[in-house]
Amino acid sequence: MEYLLSLVVPTASQALADFQRANSSISPQLISVSQPRIRWSPPVKGVIKVNFDGAQFRDVGKTGLGVVIRDSRGQALSSLSEQASLPFSPKIVEAMAVARAISFAQGLGFTSFVLEGDSINIIKALQSDDESLSSYGHILSSAKSMVVAGSSIKYSHAGRSGNNVAHNLAKHARHVRGCSV
């Protein structure tokens, strides 16, 4: 069947009008259902939480790693913003942030903590006893092997809005030369 070029615009306009008419009867309440804002929650008393995140700065070919260590009252004990070379995948950036978070926390003498990030795939891979066959699996294996014997690390997932401090530290790394603690 041959379709006349002169009918493309009128047909598309009619389809758009039909779509808008059909969707205008939907209640705005159904469209604008808001998700509850997920907030960071402190660990139980006596435990610390290490949040991590990564950011990419493609325009300068760099990535930022952000880590914040907080106690059960939510007070920051230490933080890190570090700039590194940009890998080819956002998941690799997250895996790099995990490795840096573990080495940073252990370097400060913390051997028992909750490690929390906003990438569910990274957290699931860390929780698994199986080797990750993903493009970042080798980084996670390396991070797991850095854990000091006798350490106790629990892994936790936080939604993006529950990981704002680490995310902002990762974004701040754009302005950091090397590492800022």
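The values are calculated or read from the model by the stated rules, or taken from the named source; none is laboratory data. All of these numbers come straight from a predicted model, not from anything done at the bench. Note: ideal-geometry Cβ built from the backbone for every residue, glycine included; neighbour counts use all protein chains shown.
Summary table
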{"quantity": "All positions within segment 150-171 that are under 24 Å from S128 (Cβ atoms), surrounded by 18 or more Cβ atoms within 10 Å (Cβ to Cβ) and not aliphatic (A, V, I, L, M)", "calculated": "G162, N163"}
{"quantity": "Filtered residue count, segment 145-155, keeping only those that are touching a residue at least 40 places away in the same chain (Cβ under 8 Å) and either of a type in the set (S, T, N, Q) or not in a strand (DSSP E or B) (or both)", "calculated": "5"}
{"quantity": "The listed residue being at pLDDT 90 or above and either in contact with a Cys (Cβ under 7 Å, 6 or more places away or on another chain) or more than 23 Å from F57 (Cβ to Cβ) (or both), out of S141, S151, S145, S132", "calculated": "S141"}
{"quantity": "Positions within segment 61-108 being of a type outside the set (G, A, S), buried (at least 17 other Cβ atoms within 10 Å of the Cβ) and in a helix (DSSP H, G or I), in sequence order", "calculated": "K91, I92, V93, E94, M96, V98, R100, I102, F104, Q106"}
{"quantity": "Residue check for S141: within 18 Å of S89 (Cα to Cα), free of Cβ contacts under 8 Å to residues at least 40 places away in the same chain, of a type in the set (S, T, N, Q) and not in a helix (DSSP H, G or I)", "calculated": "no"}
{"quantity": "Matching residues, segment 114-137, being loosely packed, with under 14 Cβ neighbours inside 10 Å and either touching a residue at least 40 places away in the same chain (Cβ under 8 Å) or not in a loop (DSSP other than H, G, I, E, B) (or both)", "calculated": "I120, K124, Q127, S135"}
